Amino acid sequence: MAAKKKKSGALNEIGGVDAPSSLNTSSAKHIQQKRLQKIPVSEIVKGLLEGDKVMLSRAITIIESSSHKHQKQAQEIIEACLPHSNKSVRIGITGVPGAGKSTFIESFGKMLTAMNHMVAVLAVDPSSSISKGSILGDKTRMEELVKEENAFIRPSSSGDSLGGVAKKTRETIILCEAAGFETIIIETVGVGQSETAVHSMTDFFLLLKLAGAGDELQGMKRGIVEMADLIVINKADGDNLKAARLARTEFNRALHLYPPKESDWTPKAVSCSAMKNEGITEIYELITNYISLTKENGFFEARRRSQNKFWLLQTIENQLKKNFYERPDVKKELEKQLQAIEKNETTPFEAAARLLAMQQDS
């Protein structure tokens, strides 16, 4: 007779293979970079355009690499993929931790793959401020979707990127589109400025909420509601069903108080149960209606152009910051000013003025 399986709980650990104590993470990273350098860019691009998910993963790894050796390769890959991009629908999904984003994306993604759609999920994983490593590991949270032939899931550590959105997410979108993925889902951590960052790179913005946890009051904040094209009250099942319906009604009343959107789209709130796969079809239909409307009235293309301008300015800002902090004289002076601040010999504003003056003098 087979032994009974232990009941799994939220705090139970999943057994795995222990890493050897002698494992050197920096050496492992060096080995990975060496392997990437051995593959010609032309071969990576060819495989990517043919829909090879292995080559797509390798291409993303190259553009995410901080190595100077990979920057030229990354640029060549992006340039080769650009003519084949811009043919997808980009959906941004955000919500507080615990709102069920991963469960919702899995349910929504499986519905799309069942319709023979190619779906890519770019899940930005929160990273530890101490180890800088990913905390959640989204592939383990979407066990069914990751098995689908037409699905591609890429978890990326948010690192120190503003708002928890991976720095290279925009470039990754281009690669996924070139690989033939028709629907790109960008999931964000749902903290800080991540909503604004995701909104700047997507066509449709979905806000996932909870009912009965005080979350509906947080949702009334003007900024996040104004950005949302659709508010979804998740976990509308069991004892939470009544509270979810009430929250849906409250959100719909609140949405009527906001001015009309440039897209001519009227946002609404709906409820669903991603766990029970209920209400997912209605959400898909609403997104489809939105895309049809905005393509007809020209807002879709206008928004894409606006996004490209934003990306240009953001890229310049990031490069200027990088160039500034990498200068040896700035590094030396920065350390000096940090020590001066610690000893209360200067103010942060005076220290910043000194450092920025070095940029002007160069």
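The values are calculated or read from the model by the stated rules, or taken from the named source; none is laboratory data. Predicted model only: the values in this text are computed from it and were never measured. Every residue, glycine as well, gets a Cβ built from its backbone with ideal geometry; the counts of neighbours run over all protein chains shown.
Within the stretch 101-127, work out how many residues are part of a loop (DSSP other than H, G, I, E, B) and touching a Ser or Thr at 6+ places or on another chain (Cβ under 9 Å). If you could, list the steps in order and put the result at the bottom.
Filtering the stretch 101-127 for residues part of a loop (DSSP other than H, G, I, E, B) gives 115-118, 126.
Then drop every residue that is not touching a Ser or Thr at 6+ places or on another chain (Cβ under 9 Å), which leaves 117-118, 126.
The total comes to 3.
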More than 30 Å from A236 (Cβ to Cβ) and among the β-branched types (V, I, T): which single residue out of I60, I105 fits that description? I60
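Do we have any residue at all in the stretch 108-118 that's assigned by TED's automatic domain parsing to the domain that holds L207, buried (at least 22 other Cβ atoms within 10 Å of the Cβ) and either within 16 Å of the chain's Cα centre (by Cα) or touching a residue at least 40 places away in the same chain (Cβ under 8 Å) (or both)?
Residues of the stretch 108-118 that are assigned by TED's automatic domain parsing to the domain that holds L207, as a first pass: 108-118.
Imposing the further condition that a residue be buried (at least 22 other Cβ atoms within 10 Å of the Cβ) reduces the set to 108-109.
Remaining after also requiring either within 16 Å of the chain's Cα centre (by Cα) or touching a residue at least 40 places away in the same chain (Cβ under 8 Å) (or both): 108-109.
Checked the stretch 108-118: at least one residue is assigned by TED's automatic domain parsing to the domain that holds L207, buried (at least 22 other Cβ atoms within 10 Å of the Cβ) and either within 16 Å of the chain's Cα centre (by Cα) or touching a residue at least 40 places away in the same chain (Cβ under 8 Å) (or both).
With the structure loaded, tell me whether I224 is touching a Leu at 6+ places or on another chain (Cβ under 8 Å) and either at pLDDT below 95 or not assigned by TED's automatic domain parsing to the domain that holds T188 (or both) or whether it fails that test.
Details: touching a Leu at 6+ places or on another chain (Cβ under 8 Å): yes; either at pLDDT below 95 or not assigned by TED's automatic domain parsing to the domain that holds T188 (or both): yes.
For I224, the condition - touching a Leu at 6+ places or on another chain (Cβ under 8 Å) and either at pLDDT below 95 or not assigned by TED's automatic domain parsing to the domain that holds T188 (or both) - is met.
Are any of the residues in the stretch 323-331 among the polar types (S, T, N, Q) and exposed (fewer than 13 other Cβ atoms within 10 Å of the Cβ)?
yes
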Only one of these is among the charged types (D, E, K, R), within 35 Å of the chain's Cα centre (by Cα) and not in a loop (DSSP other than H, G, I, E, B): R354, R304. Name it. R304
Kindly provide the set of residues from the stretch 330-349 that are more than 21 Å from L320 (Cβ to Cβ) and among the β-branched types (V, I, T), ordered by number. I341, T346, T347
Scan the helices (runs of 4 or more DSSP H) fully inside the stretch 130-221 and keep the ones with 2 or more residues being at pLDDT 90 or above and crowded, with 21+ Cβ neighbours inside 10 Å. 169-178
